[in-house]
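Below is one structure, written out as structure tokens; comments come after it.
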Amino acid sequence: MLFHKYILLVVGLGMFTIAAAIVMNDAWLLLRYRRRMAKGAIALEPEPIRWRTTIALACMAWAPLVIALGSTQLL
């Protein structure tokens with residue numbers, strides 16, 4: 001049972017980490033685009049920041065965390 005708790009914690013925290021990484025990657029691509037445009041170089045405009053995906057992933061990440069933290073009350 002303890003193994004399942006830690007797996008759920010790792011999955012939940014991993015989902016939060018991935019959600020943050022998506023935003024940071026998209027922001028980095030946007031920053032790099034703006035720097036190239038400021039120098040006068042021609043660059044392809046990046047995709048907009050994927051807020052919907054990030055929010056959905058962050059909301060789904062709560063489920064394993066709540067289950068993992070709630071399982072300690074049953075013991």
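At-a-glance table
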quantity: Long-range neighbours under 8 Å by Cβ, at least six apart or interchain, first residue over 9 Å from Ala19 (Cα atoms) within the stretch 47-59, second of a type in the set (D, E, K, R) and surrounded by 11 or more Cβ atoms within 10 Å (Cβ to Cβ); calculated: Glu47/Asp26; Pro48/Asp26; Ile49/Asp26; Arg50/Asp26
quantity: Residues satisfying the stated conditions in the stretch 1-52, i.e. surrounded by 11 or more Cβ atoms within 10 Å (Cβ to Cβ) and outside any helix (DSSP H, G or I); calculated: Ala43, Pro46, Ile49, Arg50
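The numbers here are math on the coordinates, done by the rules we state, and not lab data. Given the structure is predicted, the values throughout are model-derived calculations rather than measurements. In this analysis, Cβ positions are derived from the backbone assuming ideal geometry, glycine residues included, and neighbour counts consider all displayed protein chains.
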